[in-house]
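The values are calculated or read from the model by the stated rules, or taken from the named source; none is laboratory data. Remember, predicted model here, so these are calculated numbers, not experimental data. Every residue, glycine as well, gets a Cβ built from its backbone with ideal geometry; the counts of neighbours run over all protein chains shown. What goes into the accessible areas is simple: the full protein's heavy atoms, side chains included, and nothing from ligands, DNA or RNA. Shrake-Rupley method; radii C 1.70, N 1.55, O 1.52, S 1.80 Å.
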Amino acid sequence: MQDKIQHLLKEIESFVARNQEETEQFRLKYLSKKGILSELFTDFKNIPAEQKKATGALLNDLKTRVQEKIDSFKSSFEAVSAFSDSSVDLTKPADHIETGARHPLSIVRNQIIGIFSRIGFTVAEDREIEDDWHNFTALNFPEEHPARDMQDTIFIEKNPDILLRTHTSPVQIRVMEKMKPPIRKIFPGRVFRNEAISARAHCIFHQVEGLYVDKDVSFADLKQTLLYFAKEMFGEKTEIRLRPSFFPFTEPSGEMDVSCLICGGKGCNICKYTGWVEIMGCGMVDPSVFDNCHIDSKIYTGFAFGMGIERITMLKYQIRDLRLFFENDLRFLKQFTGAY
Ligand code: 2NL
């Protein structure tokens, strides 16, 4: 009986059905009431007890193979018949799939990350809902600073203060609380201010801040790093200029202008005929910020800077209304399919 089953196994293996009918004939031959398997199971009852185990296993194997063979032919013929169904028109053109594009703010953010990563800056990100300490107090904001007012900041809760971060600086505080210098990082992210929406302002916008802390970091390092950034971002001919400014968390502080990328400094309406456009704020980290993060301000110095991604993008692509970034109008977004 075992020989007979082995022989049948070989026969099944080489069997090929050409259509559904041949598959059905194959099924009847093996699995019907009077079929080969039913006959074998009847014979099985009469074989000597010591052969039962091995023969039984072979017999079950045969049954499984037959079923597998039928299933595989059945599914392939069903697939073919679905396509040959006259209701499916195979000559019809396929549905058009529109190619997407990166959002212009993502394009520029990735470009900024790329430029700084080439000089050793890595990216850090953190939460958008912050506490008073990380958003204000650790950054040296005095108790009565206007940014701490409901007019300027979106609070989730007052006392204890939980708020939507107004800048990405709290990420820097969290990094400095955890990490020892040297620190060389940039901080891209979404920030929130309680602003009336207009062509120039929005309650949600995007920032990239940067921080470099080590022994002997000087204002010259800040200036050269930002000059490198300006040239990479706006072209080799770009010049920079630094004007004194004020932030609670840097001392000294500055605003950086780049020579107008539209008129090259001659004067146009983008630079309001000054030849310069402001692109970011910067400065040397105030020693009290280091003290708040348990970094020894007698040993370490550092510089920091911050820029709005919307502003850089508007300058780069000559976009005149900031609201376009948030409206998801395809007529606007489709203009960036060519950018990477
Ligand atoms: C701006 C100005 C700036 C910083 C951000 C910073 C962060 C820490 C310590 C010191 Cl933790 N500074 N960030 C410094 C100077 C300017 O941003 O106008 N951004 C749009």
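I need the peptides 187-196, 316-325 ranked by packing, meaning the mean over residues of other C-beta atoms within 10 angstrom, with the highest value on top.
Highest mean packing first, the order is 187-196, 316-325.
Past 24 Å, Cα to Cα: identify those pairs from Lys237/Lys334; Lys10/Lys52; Lys158/Lys185, in the order given.
Over 24 Å apart, Cα to Cα: Lys237/Lys334; Lys158/Lys185.
What per residue convex hull volume, in Å³, do the alpha-carbon atoms of the chain yield? Intermediate results must be reported in sequence, preceding the final value.
Numbers: hull volume 107.7 nm³, N = 340.
Hull volume over Cα atoms, normalised by residue count, gives 317 Å³.
Between the stretch 96-115 and the stretch 16-61, what is the separation of their alpha carbon centroids in Å?
Result: 63 Å between the Cα centres.
List the Cys residues of the chain that have no partner Cys with a C-beta closer than 4.7 Å.
Cys203, Cys282, Cys293
In whole percent, what relative contact order does the stretch 241-303 give with Cα contacts below 8 Å and a gap of six or more residues?
28
Length gain on complete extension for the stretch Gln318 to Lys45, per 0.36 nm per residue less the alpha carbon to alpha carbon distance? Display every interim value, and only then the final one.
Values: separation 273, 0.36 × 273 = 98.28 nm, distance 8.88 nm.
Result for the pair: 89.4 nm of gain on full extension.
Report the FRET efficiency, 1/(1 + (r/R0)^6), for Phe332 and Tyr228, where r is their Cβ-Cβ distance and R0 is 30 Å, rounded to 0.05.
In this case the efficiency is close to 0.45.
Pairs of alpha-carbon atoms within less than 8 angstrom and 6+ residues apart define the contacts here; what relative contact order does the chain have, in percent?
16
In nm, give the distance between the simple-model label positions of Ile97 and Ser117, each being 7 Å from the Cα along the Cα-to-Cβ direction.
2.6
Considering only protein heavy atoms and a probe of 1.4 Å, how much of the accessible area of the stretch 27-168 is carbon and sulfur, as a whole percent?
Ligands and nucleic acids excluded, carbon and sulfur give 54 percent.
Please list the helices of the chain that count as membrane-span-like by this rule: a mean Kyte-Doolittle hydropathy of at least -1.0 together with Cα atoms stretching 18 Å or more along the helix axis, each helix being a complete DSSP H run. Could the numbers behind the result be given before it?
Numbers: long enough: 2-14 (19 Å, -0.98); 49-84 (53 Å, -0.45); 104-117 (20 Å, 0.98); 219-234 (22 Å, 0.31).
Helices passing the filter in the chain: 2-14, 49-84, 104-117, 219-234.
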